[in-house]
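Just so it is clear, none of the values below were taken in a lab; they were calculated from the coordinates. Owing to the predicted nature of the structure, the values given are computational and were not obtained by experimental measurement. Please note: Cβ atoms are built from the backbone with ideal geometry, for glycine as well, and neighbour counts cover all protein chains shown.
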Amino acid sequence: MALFDKFRKDRIDEAIRAFDNKGAAKITNRQIEDMSGEGIEDVFLAGYGAVGVHSFNQFYNRYINKAYESEVAKITEYKRMAENPEIADVIEDATNESITEDDDGYVVRLEILDDKLANNENIVNNLYNEFHDLFYNRLDIETKLWDFFRTYLIDGRLYYERVIKKSNPKAGIHSIKLLPSDTMDFVYDPMTGRITTYYQYLS
């Protein structure tokens, strides 16, 4: 916990109150904070046979995961490696290639694969209009997508917050905000392997 506290004081510069005391975890926030980065990620899924997720987790935890004392230390090392000029060039090239515009100038577009749905012109027009309004007008995806891809390639994960206006919640998602990976944590359901709760540690 001491190592994680060190990183919390030095690195976290974001405070999203909406994440405070949220979720349906069966353990307290203090317990999650104490365990974060020091074992809570090492989930062993029981009941799936001798070979499979359980065996992979044993291998990962024994030979790979030991190199880092916490998730924060792992992300910090990823960021340090990304500062290497050769690696930085590769990351930038990969990011640029990932968000290349198509012939119509879009970086993301909606494709309707359902033939029955695609034949309904009214529904198709509504879907395209809603899609374009959400991604290009509200989310400003053309401006943010490059940073999102680069963050994912460096940190190996991407966290974002969906912003909804309190004054008009029925309008839906207003924008999205990238959250620093080294401030985030999550809890698994050990039976299904699904993430049940996300947390952000507040500075």
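A few comments on the model shown:
- Counting other Cβ atoms within 10 Å as a rough exposure proxy, the listed residues THR95, THR196, THR143 run THR143, THR196, THR95 from fewest neighbours to most.
- Chain lengthening between LYS116 and TRP146 when straightened (0.36 nm per residue, less Cα-Cα): 7.4 nm
- Pairs from LYS144/LYS166; LYS74/LYS170; LYS74/LYS177 whose Cα-Cα separation, in the structure shown, is over 30 Å: LYS74/LYS170
- Overall form of region 57-190 per C-alpha gyration tensor (a/c, 1.5; a/b vs b/c): prolate
- 5 angstrom amide H check on SER175, placed H, neighbours 5+ away: VAL163
- Here the Karplus relation 6.51 cos²θ - 1.76 cosθ + 1.60, evaluated at θ = phi - 60°, turns the backbone of region 93-100 into coupling constants of 4, 5, 5, 4, 5, 6, 10, 5 Hz, with x for every Gly and Pro.
- With the simple model of a label 7 Å out from the Cα in the direction of the Cβ, VAL108 to LEU127 spans 1.6 nm.
- Net length available on complete extension from ASP89 to TYR160 is 23.1 nm, with 0.36 nm assigned per residue and the Cα-Cα distance removed.
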